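Read the structure below first, then the notes.
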Amino acid sequence: MAVIDETTPEGKRFYQELAKLKDLMSYAGFQQGQAASDDGVDMVDIAAFNEVGTSSAPSRPFMRKSVDDNEEKIIAFCQAQLAKLCDGTTTAEKILREIAVFQKGLIQETIAEGDFEPNAPSTIRKKKSDKPLIDTGRMRQSVMTVIDKKGRS
């Protein structure tokens with residue numbers, strides 16, 4: 001009996017897209033030199049100071065909370081994207097772009113709506129608000145996405 005071992009064109013495309021997913025990754029967050037506050041502090045530093053805290057300000061982990069508080073949403077979103085790849089209606093690049101944009105939205109939502117320790121009285125007087133992470137909105141607007149090859153820095 002003869003054995004036929006031929007992958008269909010759709011199967012070949014599927015395996016090519018899987019190979020791309022293996023070699024690519026998506027990021028949502030901040031990059032050095034991307035933007036600066038009015039006083040010249042790099043936005044990546046402002047984000048890091050807020051994420052981990054400083055000697056004078058508490059940690060307000062908006063990046064971690066954007067993942068931790070949305071685990072089920074993220075899993076469902078990724079599963080839906082993979083289903084689209086399996087049925088041939090999307091590509092690896094589109095999946096990664098969609099995931100990055102989705103995560104960017106979660107980060108921005110957490111900045112705006114997150115439950116964090118209120119601002120200090122001195123900050124409230126300066127900003128006229130006890131809402132942390134929101135002043136001019138520049139940090140929230142500075143969240144960006146990148147699709148790149150794995151291993152690049």
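The values are calculated or read from the model by the stated rules, or taken from the named source; none is laboratory data. Computed from a prediction, not measured in an experiment: that's the story for all the values here. When we count neighbours, we look across all protein chains shown, and the Cβ atoms used for this are built from the backbone with ideal geometry, even at glycine. Heavy atoms of the whole protein, side chains included, go into the accessibility calculation; ligands, DNA and RNA do not. Shrake-Rupley method; radii C 1.70, N 1.55, O 1.52, S 1.80 Å.
When region 57-102 is examined, which residues are found to be touching a residue at least 12 places away in the same chain (Cβ under 8 Å), at negative phi, among the small types (Gly, Ala, Ser) and out of contact with any strand residue (DSSP E or B) (no Cβ under 8 Å at 6 or more places or on another chain)?
If the condition is that a residue be touching a residue at least 12 places away in the same chain (Cβ under 8 Å), at negative phi, among the small types (Gly, Ala, Ser) and out of contact with any strand residue (DSSP E or B) (no Cβ under 8 Å at 6 or more places or on another chain), then Ala57, Ser66 are the ones that fit.
Kindly establish whether Leu96 is surrounded by 15 or more Cβ atoms within 10 Å (Cβ to Cβ) and under 15 Å from the mean Cα position of the chain (by Cα).
For Leu96, the condition - surrounded by 15 or more Cβ atoms within 10 Å (Cβ to Cβ) and under 15 Å from the mean Cα position of the chain (by Cα) - is met.
Mind telling me which of the residues Thr123, Thr110, Thr89 ends up being within 18 Å of the chain's Cα centre (by Cα) and among the β-branched types (Val, Ile, Thr)?
Thr110
Could you list, ordered by first residue, the pairs with Cβ atoms under 7 Å in which the first is in region 135-151 and without any contact (Cβ under 8 Å) to a residue 24 or more places away in the chain and the second is surrounded by 14 or more Cβ atoms within 10 Å (Cβ to Cβ) and of a type outside the set (Asp, Glu), at least 6 apart or interchain?
Asp135/Lys127
Look through region 1-41, keep the residues that are of a type in the set (Val, Ile, Thr) and open to solvent by 100 Å² or more (accessible area, probe 1.4 Å), and return whichever of them is modelled with the highest pLDDT.
Ile4
Considering only region 56-89, how many residues are of a type in the set (Val, Ile, Thr) and crowded, with 18+ Cβ neighbours inside 10 Å?
0
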